[in-house]
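Colleague: After the structure tokens below, expect a handful of questions from me.
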Amino acid sequence: MVNKLLLLGDEAVAQGALDAGLSGVYAYPGTPSTEITEYIQQHPLARERGVRSRWCTNEKTAMEAALGMSYAGRRALVCMKHVGMNVCADAFVNAAVTGVNGGLVVLAADDPSMHSSQNEQDSRFYGRFAMVPVLEPSSQQEAYDMMSDAFALSERLQLPVLMRIVTRLAHSRAAVQVDIARAQNPLSPAADRTHWVLLPGNARRQYAALVEKQAEIKRIAAAATCNQLTLGRRGGVGIVACGIGYNYVREVASADVSVLKVSHYPLPEASVRQLAAHCSELLVVEDGQPVVEEQVRGLLPDDYPVCGRTTGHLPRTGELTPDNVAHALGKENRRAFDKAVNVAARPPQLCHGCGHRDVYEALNQVVSQYPAARVFGDIGCYTLGALPPYQAIDTCVDMGASITMAKGAADAGLHPAIAVIGDSTFTHSGMTGLLDAVNDQSPITVIISDNLTTAMTGGQDSAGTHKYEAICLALGVEREHLHVVVPLPKNMEEIRRIIRQEIEYQGVSVIIPQRDCIQAYARRNKQVAH
Amino acid sequence: MKKDIKLSGVGGQGILSIATVIGEAATEAGLQLKQAEVHGMSQRGGDVQSDLRLSTEPIFSDQIATGQADLIISMEPMEALRYVSYLNRDGWAVTASRPFINIPDYPDEEAIRGELSALPHVAMLDIEAIARENHIPKSANMVLLGMAARYIGILGADQLRDAIRAVFCRKGEQVVSDNLKAFDLGLSACTI
């Protein structure tokens, strides 16, 4: 029976993992990766098989737990957005040194054009860095099919396998033909300690073995069927098309152009040389950073022309589009109608009735009386407080940086130094920084704006809900400088008083404005009504 | 045969439901389909858009190229204007006429209407008013789908009606019949 499902790229990944005999998915929500874990959480097969799928506190705890499941012999998937790779990098890179037991697939969803991110980093670098295979599907169907290959490859090589997707695949739907689900692996823990105890003596041996494996990793990539060399007319431009770049090439290039489709790294070097010999110049079409372009240049003689993102043929920043790929191929997609004049930007904003609004209202009123004050922001819905009408935060860098940057600025003599962080971001990466501040008795005021959910990504469970006071007290925040308030207009007076009082305190204070996310609240009421 | 459709609106207006209905109809009809959505940030009162591509042949790109869309379906007039450079020469813009103003620098409403009316093929209706007058205020997006139905071309009205039934059936018979009524109101309002 042919079974076809209409799936987002994220859902195709999830269905592929389930059908490959997954035993656990470990993830922290992050656009554009969130729907992978959500799909597994709601899938009947996952329920029937007891696939572990609850949200993790951050990407590092996710990666390590998945490695533990792999150690025990079962198949595990770790999902995150690209910047999550930075958080779990320690575990990821060292998992390549220990190696794995049950299949371990790490999925990174990159966000070229930064639709909802703070940078455009390319996760393929992490694959090279850790020296593991990288898979980059070009379509929803390939994403599904590759998942079972990825787990099999991971078990064959005894290494984690990185799968990299981008926003346009993650959040695009297409029909996917699915197979029958494979059985899960039985419990079968690793037996050899020397692989897993990375004392220098063992680590040197393991690292040497990883380096030695590279030849086999390259051989497998060179033979992979998802890497396809199609030779067309001789001479002229040949195209190296990576991941979904292949789609744009197929959309705009004429049928007789020579194309090397790349979906499995390391780069198939022999195919690149063959393409180069057949053509007189190469164009590299890849979403993200010029990872392949620079490698291709290294493979060919200095005077062989290689074009791409570093030569201006494609833009150096931003995602690929059918328009910029057409331009790189010397074709222009012409518009029939000019861009309209009467169009204004419509940025996202905090919802009406959102508790973060009341927090910023109160904070702005107090801060206006302290011209030297700086407010260090963090990552979540409340980052929108940077935009009008509030314009309440001065920084937003990475998960947890509000507390630590406020601390560093306070160390430098800045006062008042105020941090604003959300509940989920606080447990993700804020707690350790708060401990530093407590140990140093840094004069900072931390506002943990608690809406009892991970709101920005659509309302996932937040790891520390109902535990924030206990966590702060346990980290050493003094009882009299820890306040829980309800951010509502009627409480403005009280909230302002507390903020003012704690700014004046020369140590660590924590204020927790706590109120349900208005979206989560509405969704819950709707469910009850049904 | 192919149809490239740009769907646009403001977060929460229901453009993804329109995409879901067309997608369901296309799948039932055995058409190839790709539908790119924007999630995350844009849901908070920001602009949202979705590229929906239908074809009898395989589709490669998830995104529609400049100058190649056959149809813009928009829940909001300025959001329709945002994408006119994607429209092909014979393409139609089908849009709600009532502005959704949640930004301080929203352009002059008459100027927006004027720019839209200058397009050779445009259909504009106050779908919220139609939905309200007919006591189906939550089905404005299906009025819009009804307006667009004759320009989708690759799918017939009956196929779209079946898809509305399939997509909304788990929400109960009332929701299905409201949405079918909305669809037919849009369809008959747009007789050119």
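Colleague: Condition first: more than 10 Å from chain A (Cβ to nearest Cβ) and either surrounded by fewer than 24 Cβ atoms within 10 Å (Cβ to Cβ) or in contact with a Ser or Thr (Cβ under 9 Å, 6 or more places away or on another chain) (or both). Now tell me which residues in the range B:37-55 satisfy that.
Modeller: B:GLN49, B:SER55
Colleague: Something else now. Select from the range A:253-274 the residues that are farther than 22 Å from A:GLY330 by Cα, assigned to a loop (DSSP other than H, G, I, E, B) and not polar (S, T, N, Q) and list them in ascending order.
Modeller: A:PRO266, A:LEU267, A:PRO268
Colleague: Can you work out which of the residues in the range A:100-141 that are within 14 Å of another protein chain (Cβ to nearest Cβ), out of contact with any strand residue (DSSP E or B) (no Cβ under 8 Å at 6 or more places or on another chain) and touching a residue at least 60 places away in the same chain (Cβ under 8 Å) is surrounded by the fewest Cβ atoms within 10 Å (Cβ to Cβ)?
Modeller: Step by step, filter the range A:100-141, then rank; the result is A:GLN118.
Colleague: Listed residues B:LYS6, B:LYS34; which is facing chain A (nearest Cβ under 9 Å) and either at pLDDT 95 or above or not in a strand (DSSP E or B) (or both)?
Modeller: Just a single option satisfies the conditions, and that option is B:LYS34.
Colleague: Is it the case that the range A:179-193 has a residue that's more than 14 Å from chain B (Cβ to nearest Cβ), in contact with a strand residue (DSSP E or B) (Cβ under 6 Å, 6 or more places away or on another chain) and in contact (Cβ under 8 Å) with a residue 24 or more places away in the chain?
Modeller: no
Colleague: For the range A:282-292, check the following and say yes or no: at least one residue is at pLDDT 95 or above, in contact with a helix residue (DSSP H, G or I) (Cβ under 7 Å, 6 or more places away or on another chain), buried (at least 16 other Cβ atoms within 10 Å of the Cβ) and facing chain B (nearest Cβ under 9 Å).
Modeller: There is no residue in the range A:282-292 that is at pLDDT 95 or above, in contact with a helix residue (DSSP H, G or I) (Cβ under 7 Å, 6 or more places away or on another chain), buried (at least 16 other Cβ atoms within 10 Å of the Cβ) and facing chain B (nearest Cβ under 9 Å).
Colleague: Looking at the structure I just gave you, is A:ARG250 over 30 Å from the mean Cα position of the chain (by Cα), at pLDDT 95 or above, part of a helix (DSSP H, G or I) and charged (D, E, K, R)?
Modeller: Judged against the criteria, A:ARG250 is not a match.
Colleague: Any residue that is surrounded by 12 or more Cβ atoms within 10 Å (Cβ to Cβ) and more than 29 Å from B:GLU24 (Cα to Cα) - is there at least one of those in the range A:171-179?
Modeller: no
Colleague: Output the residues belonging to the range B:66-108 that are in a loop (DSSP other than H, G, I, E, B), in contact (Cβ under 8 Å) with a residue 40 or more places away in the chain and either of a type in the set (A, V, I, L, M, F, W, C) or within 8 Å of chain A (Cβ to nearest Cβ) (or both).
Modeller: Within the range B:66-108, B:GLN68, B:MET75, B:ARG82, B:PHE100, B:ASN102 meet the criteria.
Colleague: For the subset of the range A:39-97 comprising residues that are part of a helix (DSSP H, G or I) and among the basic types (Lys, Arg), which member is nearest to A:PRO160 (Cα to Cα)?
Modeller: Within the range A:39-97, the match that is nearest to A:PRO160 (Cα to Cα) is A:LYS60.
Colleague: Is there a residue in the range B:109-118 that is more than 8 Å from chain A (Cβ to nearest Cβ), in contact (Cβ under 8 Å) with a residue 40 or more places away in the chain, in contact with a strand residue (DSSP E or B) (Cβ under 6 Å, 6 or more places away or on another chain) and surrounded by 14 or more Cβ atoms within 10 Å (Cβ to Cβ)?
Modeller: Looking for residues that are more than 8 Å from chain A (Cβ to nearest Cβ), in contact (Cβ under 8 Å) with a residue 40 or more places away in the chain, in contact with a strand residue (DSSP E or B) (Cβ under 6 Å, 6 or more places away or on another chain) and surrounded by 14 or more Cβ atoms within 10 Å (Cβ to Cβ), one finds none in the range B:109-118, hence no.
Colleague: Filter the range A:355-382 down to the residues that are under 26 Å from the mean Cα position of the chain (by Cα) and in contact (Cβ under 8 Å) with a residue 60 or more places away in the chain and list them by number.
Modeller: Correct list: A:HIS356, A:ILE379, A:GLY380, A:CYS381, A:TYR382.
Colleague: Is the range A:316-335 home to any residue that is away from every other protein chain (no Cβ under 14 Å), under 30 Å from the mean Cα position of the chain (by Cα) and not polar (S, T, N, Q)?
Modeller: yes
Colleague: Here are A:LEU350, A:LEU300, A:LEU363: which of them is more than 30 Å from A:ALA455 (Cα to Cα) and of a type outside the set (Phe, Trp, Tyr)?
Modeller: Result: A:LEU300 is the single residue among A:LEU350, A:LEU300, A:LEU363 that is more than 30 Å from A:ALA455 (Cα to Cα) and of a type outside the set (Phe, Trp, Tyr).
Colleague: For B:PHE60, all conditions in the list (1) touching a helix residue (DSSP H, G or I) at 6+ places or on another chain (Cβ under 7 Å); (2) over 29 Å from A:THR454 (Cα atoms); (3) not in a loop (DSSP other than H, G, I, E, B) hold save one; what is the number of the exception?
Modeller: B:PHE60 satisfies every listed condition except (3).
Colleague: Here's a follow-up. Among the residues of the range A:371-387, is any surrounded by fewer than 18 Cβ atoms within 10 Å (Cβ to Cβ), touching a Pro at 6+ places or on another chain (Cβ under 8 Å) and away from every other protein chain (no Cβ under 14 Å)?
Modeller: Looking through the range A:371-387, at least one residue is surrounded by fewer than 18 Cβ atoms within 10 Å (Cβ to Cβ), touching a Pro at 6+ places or on another chain (Cβ under 8 Å) and away from every other protein chain (no Cβ under 14 Å).
The values are calculated or read from the model by the stated rules, or taken from the named source; none is laboratory data. Since this is a predicted model, take the numbers as computed values, not measurements. Please note: Cβ atoms are built from the backbone with ideal geometry, for glycine as well, and neighbour counts cover all protein chains shown.
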